[in-house]
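A short worksheet on the structure shown next.
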Amino acid sequence: MYTALKFSLLMLSLFLYGISFAGEDIPLNKIDIQVDLEGHKITGTSRISLPSKHTANVALSGLKVIAASINDRPLVIGPGITMITFRPETADEVLMIEYEAEFRASVGTYNSKNPGVVEGNLINPDGVVLIDKWYPAIDGLSLFSLTAILPREFEAVSEAEEILIRDKTGTDREFSFVFPHPVRNISLIAGRYLILKDTFNETEIFAYFLPEDKGLAKTYIEYAGKYLNMYEKLLGRYPFKRFSIVENILPTGYAMPTFTLLGRDVVRLPFIVETSLGHEILHQWFGCLVYIDYESGNWSEGLTTYLADHMYRELKGTGWDYRKQALISFQSYVRPENEFPLKSFTGRTGRVSAAIGYNKSAMVFHMLKNQVGEETFYRSLGLFIKKNKFRSASWSDIRDAFESVSGEDLGWFFSQWLEGKGMPKIGLRKLEMKYTGSKASVRFELFQGAETYKLSIPLLLRFRDGWMRRNFVIDEESTVVEIETEELPVELVIDDSYDLFRRLSDKEFPPVISRLLGDKKKIFVIPRGKAGEYAPLADYFKKEGFMDKKEEEIKYDDIKSSSFVVPDAETGWVKRLFGEIESQEGDFRVTVKNNPLNSRGVIAVLDSVSTDDMTGYVRRIPHYGRYSFIAFRNGKNIMKSVDGSDRGIRLKTGKEVLGIEIPRVLSIFDIIKKVSGRQIIYIGESHTRFEHHRTQIEVIRELYKSNKNIAIGMEMFQKPFQQALDDYIAGRTNEKVFLKKTEYFKHWGFDYNLYREILLFARANKIPVIALNISKKIVSKVARAGIDALTEEELQEVPEEIDLSNMEYRKRLKKIFKMHGNSSDRNFDFFYEAQVLWDESMAHNLDEFIRKNPERQVIVIAGAGHITFGSGIPARAFRLNNIEYSIILNDGAVERDIADFILFPSAVNAPESPELMVVLSEEEEGKVKIVGFARDSVSQTAGLKIDDVVLSLDDTKIRSVDDIRIFLLDQRKGDEITVKVSRRRFLFGSAVMEFKVTL
Ligand SMILES: [Zn+2]
């Protein structure tokens, strides 16, 4: 802002007064203030002198100028003027500004997206925090001389090598701060501190703690000594005479030259001495000794994070995990539309800038260290510090230091990581392995996305015994690599130590809270009918960037594209994705799971004893960004964990060859004995293989011998027909009625002879048979259009809980799906939903029976696909009832975990019912018409014709095709039967005719 003053100053002549510092001319700002705690204000003077031929803008915003002069010639500065230009005329001109400033506004609100940073100043009877614009300031570096008059009971700190105190009046003392180095800003912190002091290697370490926290001071000083020792070894002598740890009444985490200012809530956290304290101490070198040239980007946070927070983990052997966490954060929060290059980072303003300026930047220093080697890395930093102390340094000063020590041209490195955006995406493909005489060779292609980077890729080859590591430099889209080895590897792993800034593979990316917070599309699910109850929570999440959606309005496309928060584990919608969420301890819990339909999205389920508690707890969720599960009790975190994820990009080179031990082959009866203690026994089948059904009845008969209390669950019947099954087993109906009423031929259709023995045995012994299946039309509808497509009525038939999270099962089903020539992902999602819905229905129907009949042992008969590996029915039923089970399969490949036992029965021919060898149609209600004949048809030979309507077979009236099937069940080949038909004759109407057919 310009004023009349500017013009008056312009007319002054050019005899300039300069101050010299280390050969450079530096402005001087001498500030003397008096603090009035009750009035929340300071009054003071600032005397500014400039070096020769300099002009400076003096910022006055927030200050009330009382008087101003240049060498006692008064200047008039009107109210509301926030900047003046000082252009001294003579060498010894001093601009004097007498001013006052009030800082009573409340400051220091905590921001969960940017903790540790507070704007504004504070003066009150508890303390003084002056950091921002509290004196007339000029741009760039100045030398400062500060005195402050404060009440006797106050201690004060500022940027100072030395602090001199003298009595002023009976109630006040004057503090003079000596800091003989140019610096951009100074601050003044004062409070009712107790001071503890120690000396370390000629450096005085002070702790300024509030009386209630004085017990912490000793620990802080000890740790400060350790950190100074560590960094002096790495970077050279600590640059100042004193260092202070100052407790702040505001929630800050700052480093100023000669001290660190830590919020009181922060210093009380037990882990701060192990993390943040060291970080702030390291800033004494990076930021407080070597200043940051913000114009060209802030390099200091990444470097400090790397050599502090990261290094402490590296020293404990978990540096790789720290780096992986850094990548998870980056990948969670940074998206193409909010990303900026590292060189544009100036300071942390939220999660995105932190992910770039701290996480990515630390990874860049890690790669730089690996590029030049550890020794060169620290020698380069030493040179960088030496050349740039007390001046503003930029990324290019870092590059200069590294190039001059290493002798390498590092232009490509700095431009790749400072100017570029995005992350390299690396993979391995076209693997070929072969034996070459006494050795082996492994050949493959390393590839990256179309955006190419120059990268040194660490590769681990794992052998059955031992391992081997190699690095490959790639700078093209794909690079072929060939390695000679002693034997063939069992696994290849890329970058298992997270040495590269790169995109994580899906398997390395666990479901964590930060992914939820960072997703672009996030939905807060309002549980059905509970909009009122959850309104305060919905409001909170809306402010966090979530969209509201009612449970019943969430569609397939939402799930496919978003992340979710569901505030109630009992929500039907959650149960349709994950089944039951396991209940845990605590009164508030957050469980984050991968979204089964969206590989980049997550679903967080909140679970709380009361809705009121939740509003307080949810605010704390952002602190736990790296976790998949957190639990609280009485406001305290009691549990936190991260779901397992792969370490490195892993490629298994082949399935291990498995074999079985022949002496362990058992007879079916040995096997039955072994499973007889289990309450549920699954026996898988291929539907048309009669020998499979034979083994089923063997198992049933044998178990029945020792336990009369058994039941049989069958996939072959649908739940709506349970009553018809019960009536048949109880002897209230005959087989004919039973088959008609269960619509067996319509819904299942396989030759009834395959299952007849089992049902006859059940009926003879009154063994309950459970209709496990669901209507086929629901399964087909879901496979076509997803669960969304089901009507309210159809939804009644399907279970509320559906667990879609078994990714191995999904993978196996995908293979089957692809074999059937379907390729669209959308179709596969529906196919998968349908398959799981089907399994879940059967598991629920089984569970329902067991709940009502807890004493019954159940033998479940179903297609092998619903049983192998337990992923179809067995594990789902187990989720519902925790009852141990055994799986017996008929035939099939021996694979680990596929079943408990596999039977290998020899082929057996099923009793075959003879056929009429006609094609039938039920065009009209109750009329079965012949519409075609099979080749060499016995019926055609007997004289039957097309369009004949079949009236009866022997004495059995025929009103449906089922009637014919049921009649034929009990006939044998070679039997002669009488077929009565009605035949339409031209002009003469219909006639009833009889034929003898030899089957
Ligand atoms: Zn920092």
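What to note about this one:
- Any hit, the range 205-228, residues being within 16 Å of the ligand (Cβ to nearest atom) and in a strand (DSSP E or B): no
- Within the range 117-129, not a single residue is surrounded by fewer than 20 Cβ atoms within 10 Å (Cβ to Cβ), touching a Ser or Thr at 6+ places or on another chain (Cβ under 6 Å) and either modelled with pLDDT of 90 or more or not polar (S, T, N, Q) (or both).
- Output for the range 940-997, where each listed residue is surrounded by 13 or more Cβ atoms within 10 Å (Cβ to Cβ) and more than 24 Å from GLU925 (Cα to Cα): GLN940, THR941, ALA942, GLY943, GLN971, ASP975, ILE977, VAL997
- Residue list for the range 246-260, restricted to those being within 15 Å of the ligand (Cβ to nearest atom), farther than 18 Å from HIS181 by Cβ and aliphatic (A, V, I, L, M): none
- Test result for TYR728, closer than 23 Å to LYS776 by Cβ and of a type in the set (Ser, Thr, Tyr): yes
- Pair list, Cβ < 9 Å and 6+ apart or interchain, from the range 451-463 residues that are more than 19 Å from LEU488 (Cα to Cα) to residues that are part of a strand (DSSP E or B) and among the hydroxyl-bearing types (Ser, Thr, Tyr): ILE457/THR479
- Qualifying residue in the range 315-325 (condition: within 16 Å of the ligand (Cβ to nearest atom), of a type in the set (Ser, Thr, Tyr) and at pLDDT below 95): no
- Scanning the range 509-521 for any residue that is farther than 30 Å from ILE630 by Cβ, buried (at least 17 other Cβ atoms within 10 Å of the Cβ) and not polar (S, T, N, Q) turns up nothing.
- Number of the exception - THR452 against (1) surrounded by 13 or more Cβ atoms within 10 Å (Cβ to Cβ); (2) in a strand (DSSP E or B): (2)
- Considering the range 294-359, the qualifying helices (runs of 4 or more DSSP H), each wholly inside and each with 2 or more residues that are under 23 Å from the mean Cα position of the chain (by Cα), run over 319-333, 351-354.
- Residue in the range 286-297 that is farthest from THR258 (Cα to Cα), counting only those that are touching a helix residue (DSSP H, G or I) at 6+ places or on another chain (Cβ under 6 Å) and within 12 Å of the ligand (Cβ to nearest atom): ILE292
- ALA991 more than 30 Å from GLU855 (Cα to Cα), touching a strand residue (DSSP E or B) at 6+ places or on another chain (Cβ under 8 Å) and free of Cβ contacts under 8 Å to residues at least 12 places away in the same chain: yes
- LYS736 meets the conditions (1) closer than 24 Å to ILE873 by Cβ; (2) in a helix (DSSP H, G or I) in every case but one. The failed one is (1).
- Selected residue (criterion: farthest from THR252 (Cα to Cα)) from residues of the range 56-113 that are hydroxyl-bearing (Ser, Thr, Tyr) and modelled with pLDDT under 85: THR90
- Of all residues in the range 267-283, those being buried (at least 18 other Cβ atoms within 10 Å of the Cβ) and within 14 Å of the ligand (Cβ to nearest atom) number 9.
- Considering residues of the range 756-776 that are assigned to a loop (DSSP other than H, G, I, E, B) and of a type in the set (A, V, I, L, M, F, W, C) only, the residue nearest to THR733 (Cα to Cα): ILE767
- Subset of the range 920-965 (residues that are more than 21 Å from SER990 (Cβ to Cβ) and either of a type in the set (A, V, I, L, M, F, W, C) or at pLDDT below 85 (or both)): ALA934, VAL938
- Unique residue being touching a residue at least 24 places away in the same chain (Cβ under 8 Å), within 16 Å of the ligand (Cβ to nearest atom) and under 30 Å from ASP499 (Cβ atoms) when the list is GLY263, GLY302: GLY302
- The condition of being among the charged types (D, E, K, R) and either buried (at least 21 other Cβ atoms within 10 Å of the Cβ) or at positive phi (or both) holds for only one of GLU202, GLU212, GLU232, that being GLU202.
- From the list GLU153, GLU247, GLU162, GLU232, the lone residue that is closer than 18 Å to ILE31 by Cβ and of a type outside the set (Lys, Arg) is GLU162.
- Residues in the range 974-990 that are out of contact with any Leu (no Cβ under 7 Å at 6 or more places or on another chain) and either assigned to a loop (DSSP other than H, G, I, E, B) or at pLDDT below 85 (or both): ARG984, ARG985, PHE986, LEU987, PHE988, GLY989, SER990.
- Selection of first residues in the range 709-737 that are in contact (Cβ under 8 Å) with a residue 24 or more places away in the chain and of second residues that are among the basic types (Lys, Arg), restricted to Cβ pairs under 6 Å at least 6 apart or on distinct chains, gives the following pairs, ordered by first then second residue: ASN709/ARG856; ALA711/ARG856; ILE729/ARG763.
- Matching residues in the range 892-917 - criterion: being over 30 Å from ASP936 (Cα atoms) and buried (at least 16 other Cβ atoms within 10 Å of the Cβ): ILE898, ALA899, ASP900, PHE901, ILE902, LEU903, PRO905
- In the range 243-263, the count of residues that are in contact with a His (Cβ under 9 Å, 6 or more places away or on another chain) and of a type in the set (Val, Ile, Thr) is one or more.
- Only one of PRO270, PRO257 that is of a type outside the set (A, V, I, L, M) and under 37 Å from the mean Cα position of the chain (by Cα): PRO270
- Those residues of the range 745-761 which are without any contact (Cβ under 8 Å) to a residue 60 or more places away in the chain and surrounded by 15 or more Cβ atoms within 10 Å (Cβ to Cβ), in sequence order: HIS747, TRP748, LEU759
- Selection from the range 68-99 of residues that are in contact with a Ser or Thr (Cβ under 6 Å, 6 or more places away or on another chain), within 12 Å of VAL58 (Cβ to Cβ) and assigned to a loop (DSSP other than H, G, I, E, B): ILE81, THR82, ARG87
- Which listed residue, of SER392, SER380, is within 25 Å of TYR231 (Cα to Cα), polar (S, T, N, Q) and out of contact with any strand residue (DSSP E or B) (no Cβ under 9 Å at 6 or more places or on another chain): SER380
Residues are listed down the side, and each one gets a yes or a no for (1) assigned to a strand (DSSP E or B); (2) over 14 Å from VAL602 (Cα atoms); (3) touching a strand residue (DSSP E or B) at 6+ places or on another chain (Cβ under 7 Å):
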position	(1), (2), (3)
VAL481	yes, yes, yes
VAL493	yes, yes, yes
LEU516	no, no, yes
GLY529	no, yes, no
GLU533	no, yes, no
ALA538	no, yes, yes
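The values are calculated or read from the model by the stated rules, or taken from the named source; none is laboratory data. Predicted, not measured: the structure shown is a model, and the values here were computed from it. Note: ideal-geometry Cβ built from the backbone for every residue, glycine included; neighbour counts use all protein chains shown.
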